[in-house]
Amino acid sequence: MFTAADGTAKRRFYGDGIFNCEASGPHITASFTGVGRDSPYAKYNRQMSRLRVTVEWGFGKIKGQFPAVASGKQYFTIGQGRPALNFPVAAFLYNCQVCLNRESQMSKYFAAQPPTLDEYLGA
């Protein structure tokens with residue numbers, strides 16, 4: 001979240017370096033390229049990189065608990081199953097588990113309590 005020039009709070013998605021900051025549009029932000037090591041832009045890149053690593057923790061947990069997501073090729077025969085649905089389902093089930101356990105590596109890092117399962121499911 002950042003504060004725009006007009007003082008309003010704005011949310012953006014942070015993408016990998018493949019995104020171009022200037023051309024990504026109003027909803028995606030990426031790291032700055034070609035900046036000096038001590039510039040404010042370099043500081044921003046370092047801060048965002050630390051946060052991006054926490055997302056990778058989640059991917060790692062999901063892949064560890066659901067091997068078919070990690071290496072879908074060996075778990076499916078052509079014409080059988082729907083590999084594109086595996087990751088969203090695995091992520092959903094992992095999120096449910098985090099809600100039931102009431103903690104995760106990411107919730108500890110950010111000192112944030114996960115929602116209850118009822119809150120997560122909107123029940």
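Projected label points at LEU100 and TYR41, each 7 Å from Cα along the beta carbon direction, are separated by 4.8 nanometres. Positive contributions from Lys and Arg (+1) and negative ones from Asp and Glu (-1), summed over other residues with Cβ under 14 Å from the Cβ of ARG50, come out at +2.
For a paramagnetic label modelled on ARG12 (point 7 Å from Cα along Cα→Cβ), amide N atoms under 18 Å away belong, within the range 27-68, to 27-36, 39-53.
Rule-based calculations on the coordinates, nothing more; no lab input. No experiment lies behind these values; they were computed from the predicted model shown. Reconstructed Cβ throughout: ideal geometry from the backbone, glycine too, with neighbour counts over all protein chains shown.
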